[in-house]
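The values are calculated or read from the model by the stated rules, or taken from the named source; none is laboratory data. Keep in mind that this is a model prediction, so the values were computed, not measured. Using ideal geometry, Cβ is built from the backbone for each residue, glycine included, and neighbour counts are taken over all protein chains shown. Surface areas here come from the heavy atoms of the whole protein model, side chains and all, with no ligands, DNA or RNA. Shrake-Rupley method; radii C 1.70, N 1.55, O 1.52, S 1.80 Å.
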Amino acid sequence: QLMPFVSDGRKMIHRAFEGNYAMPAFNIGSLVMARACIEAAEAEQAPIILQTSPGELTQTTPDVFSAMIRALANKADVPIMLHLDHGDGLDRIAACINAGYSSVMFDGDSLTLEENVTATQNYAEWAHALGVSLEAAAGSFGGGEEGADSGVHLTNPDVARRLLKDGCADMVACSVGSVHGQTSKLDLGRLEAIAKLAEGPLVLHGGTGIPASDLAVATTLGVVKINIGAGLARPIVKRWQDATENVASPHKGVFGTTDRVLADLIEVARHKIRIMNGSGQA
């Protein structure tokens, strides 16, 4: 039985891989986003990942996000971990590990294969010594992702295998057709080839735009983590746009809108949990 806040992400990754389900990894940049995802997870009795990218970390420090997530998670009854999305170097990764994150990503896809494997191995040894999991990158996902170029670079199955076996990563992000912030279709044949060769936990980015039918197949091919960013951001923007058009009382309008945003986000998060086969896995 896992505690609500899971400090070592490897435990949740292993359980998902063995159980043939994926955990949605929700990019959260506010209290209402974090609350909604946790309430959705409790309603579905599902383990989830909350994560911050360098973009979210322009708002405040990793310590603040960590304290907020731990306070919320420790009142929940499902396993929750906190992950650094698109870690872009030593300083960022160190700050998040020191703040008590459960997991970090090192995105070395712009390096040569040997450089990526060596750097991933160094980060993995460090993360594991401190009781934290590491995600590596074997591809890029376009859509103007942070810390990378805007192009899509599909994953070579052997690169994924090397990062898991030689780089000692706990999970590897694979680019098989999904694009950040855009509707997409997965190349399930490529994903299956990666799964067969890599024989380890895989990650998909750009999860908001992936069709539910593709996500269902992905969970049977070793995918344990699917990132959801735009799916949470869009309902917030829509609600605030609606609110600014007719707010008689600004104070009342703010809190009324926050309640509606919370309800919208819970609905989105519950849907993502269900299509990833995560319901009841807590």
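Looking across segment 1-19, the residues that are modelled with pLDDT of 95 or more and assigned to a loop (DSSP other than H, G, I, E, B) come down to 6, 7, 8.
Of all the numbered requirements in (1) assigned to a loop (DSSP other than H, G, I, E, B); (2) among the hydrophobic types (A, V, I, L, M, F, W, C); (3) open to solvent by less than 30 Å² (accessible area, probe 1.4 Å), residue 168 misses one, and that requirement is (3). Of all residues in segment 165-175, those that are under 18 Å from the mean Cα position of the chain (by Cα), at pLDDT 95 or above and under 15 Å from residue 139 (Cβ atoms) total 5.
Here segment 202-218 is the region considered, the condition is being open to solvent by less than 20 Å² (accessible area, probe 1.4 Å) and part of a loop (DSSP other than H, G, I, E, B), and the residue that is farthest from residue 155 (Cα to Cα) is 210.
Within segment 77-116, can you find the residues that are over 18 Å from residue 225 (Cα atoms), at pLDDT 95 or above and open to solvent by less than 10 Å² (accessible area, probe 1.4 Å)? Answer for segment 77-116, where residues must be over 18 Å from residue 225 (Cα atoms), at pLDDT 95 or above and open to solvent by less than 10 Å² (accessible area, probe 1.4 Å): 93, 96, 116.
If you go through segment 219-240 and keep only what is β-branched (Val, Ile, Thr), surrounded by 17 or more Cβ atoms within 10 Å (Cβ to Cβ) and over 15 Å from the mean Cα position of the chain (by Cα), you end up with just 236. Mind counting the residues in segment 23-73 that are within 25 Å of residue 221 (Cβ to Cβ), open to solvent by 10 Å² or more (accessible area, probe 1.4 Å) and part of a helix (DSSP H, G or I)? Final tally of qualifying residues: 1.
The requirement of being within 18 Å of residue 23 (Cβ to Cβ), among the hydrophobic types (A, V, I, L, M, F, W, C) and touching a His at 6+ places or on another chain (Cβ under 6 Å) is not satisfied by residue 69. Taken over segment 5-22, residues that are of a type in the set (Phe, Trp, Tyr) and open to solvent by less than 40 Å² (accessible area, probe 1.4 Å) amount to 2.
Take the conditions (1) modelled with pLDDT of 80 or more; (2) open to solvent by 60 Å² or more (accessible area, probe 1.4 Å); (3) more than 23 Å from residue 210 (Cα to Cα); residue 257 misses just one of them, which is (2).
Suppose we keep only residues that are part of a helix (DSSP H, G or I), in contact with a helix residue (DSSP H, G or I) (Cβ under 8 Å, 6 or more places away or on another chain) and among the hydroxyl-bearing types (Ser, Thr, Tyr) within segment 84-139. Which one would you say is farthest from residue 177 (Cα to Cα)? In this case the residue turns out to be 123.
In segment 177-186, the qualifying residues are those that are closer than 17 Å to residue 276 by Cα and crowded, with 18+ Cβ neighbours inside 10 Å, and the one that is modelled with the highest pLDDT is 186.
Do we find a residue being outside any helix (DSSP H, G or I) and of a type in the set (A, V, I, L, M, F, W, C) anywhere in segment 230-244? No, because not a single residue in segment 230-244 is outside any helix (DSSP H, G or I) and of a type in the set (A, V, I, L, M, F, W, C).
For beta carbons closer than 7 Å, sequence separation of 6+ or different chains, a first residue in segment 224-238 that is within 28 Å of residue 194 (Cβ to Cβ) and a second that is aromatic (Phe, Trp, Tyr) and not in a helix (DSSP H, G or I), the qualifying pairs are 228/26; 232/26.
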